[in-house]
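So the structure is just underneath, and the comments pick up after that.
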Amino acid sequence: MKEERVFFRSGGIQLEGLLSNQGALSVKGGIVLCHPHPLYGGEMRNRVITKALGPAHELGFVTLRFNFRGVGESEGVYSEGVGEKEDVWAAIEYLDFKLNHPDAPIIVLGYSFGAWVGMPVALKEERVKGMVAISPPLGMTDFDFLKDCTKEKLIIGGDMDDYCPFSLLKEWFEQLKEPKSLSVIQGADHFYSFHANLVVQPLREFLKKF
């Protein structure tokens, strides 16, 4: 699946992204992909984000991965999650415009920091019908805002993750409302150094619901 380099506005700044093109294929929906922490090497070509593109394109979803403000060719500077939430809103708006299909579901996928800033926006945005949180950093940040969420949710985590400890992940997941699903990647740490390909199958099964 080909991607084209795009730029779109987030407030007063311009963000860089890569937008896939389904061409003549029927479009099932759209996915916004949010990368890990900008201050620790996170960017839109991250291995986990890249692996997630495969099942998305296979099942007919248009994808938009983008660099948060201050990363790559995106303007602005790191904003401690505040401005980055605005960037997620802008990405949803841009993807929705490109889809040009009011009934096409939009899904927000966030990995680590991307889950922290992406999930609150996905929760409030009516156009978003599904949410994927990969290794939400539960050991560092509060994700209680998701406990009453009734949108389709997929949570993916590794059982060797120091930033998203398995015991904490399991306890938190049990408190989430349905519909929800949990996929635990055996042997994976927070960075999925040798396990990034294992996010593909649970994501594929999740996307089949739409």
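Where a number appears in this text, it was derived from the coordinates with a stated rule and is not lab data. All figures in this text were calculated on a predicted structure; none of them were measured in a lab. Quick reminder, even Gly has a Cβ in these numbers, built from the backbone with ideal geometry, and neighbours come from all protein chains shown.
Some notes on this structure:
- Condition met for Leu99 (over 14 Å from His37 (Cβ atoms), in contact (Cβ under 8 Å) with a residue 24 or more places away in the chain and buried (at least 22 other Cβ atoms within 10 Å of the Cβ)): no
- Pair list, Cβ under 9 Å, 6 or more apart: segment 105-134 residue within 16 Å of Lys177 (Cβ to Cβ) and in contact (Cβ under 8 Å) with a residue 40 or more places away in the chain, other residue crowded, with 21+ Cβ neighbours inside 10 Å and aromatic (Phe, Trp, Tyr): Gly130/Phe206
- Among the candidates Asp161, Asp189, Asp142, Asp148, residue that is surrounded by fewer than 20 Cβ atoms within 10 Å (Cβ to Cβ) and in contact with a His (Cβ under 9 Å, 6 or more places away or on another chain): Asp189
Matching residues to (1) under 20 Å from Val128 (Cα atoms); (2) small (Gly, Ala, Ser):
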site: Phe8; (1), (2): yes, no
site: Arg47; (1), (2): no, no
site: Ala52; (1), (2): yes, yes
site: His57; (1), (2): yes, no
site: Val77; (1), (2): no, no
site: Lys85; (1), (2): yes, no
site: Ile92; (1), (2): yes, no
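- Selection count where residues are more than 17 Å from Ile107 (Cα to Cα), outside any loop (DSSP other than H, G, I, E, B) and not polar (S, T, N, Q), scope segment 1-17: 10
- The residues of segment 152-172 that are in contact with a strand residue (DSSP E or B) (Cβ under 6 Å, 6 or more places away or on another chain) and over 13 Å from Ala115 (Cβ atoms), listed by number, are Glu152, Gly158, Asp159.
- Unique match (being surrounded by 15 or more Cβ atoms within 10 Å (Cβ to Cβ), small (Gly, Ala, Ser) and closer than 26 Å to Asp142 by Cα) among Gly54, Gly83, Gly29, Gly41: Gly83
- Restricting segment 147-199 to residues that are of a type in the set (Ser, Thr, Tyr) and either touching a residue at least 12 places away in the same chain (Cβ under 8 Å) or not in a loop (DSSP other than H, G, I, E, B) (or both), the residue that is farthest from Arg47 (Cα to Cα): Thr150
- Selection count, segment 113-135, where residues are outside any strand (DSSP E or B) and crowded, with 21+ Cβ neighbours inside 10 Å: 10
- Test: residue in segment 64-74 that is surrounded by fewer than 15 Cβ atoms within 10 Å (Cβ to Cβ), more than 21 Å from Pro202 (Cα to Cα), in contact (Cβ under 8 Å) with a residue 24 or more places away in the chain and acidic (Asp, Glu): yes
- Residues of segment 1-45 classified as touching a Leu at 6+ places or on another chain (Cβ under 9 Å) and over 26 Å from Asp103 (Cβ atoms), total: 4
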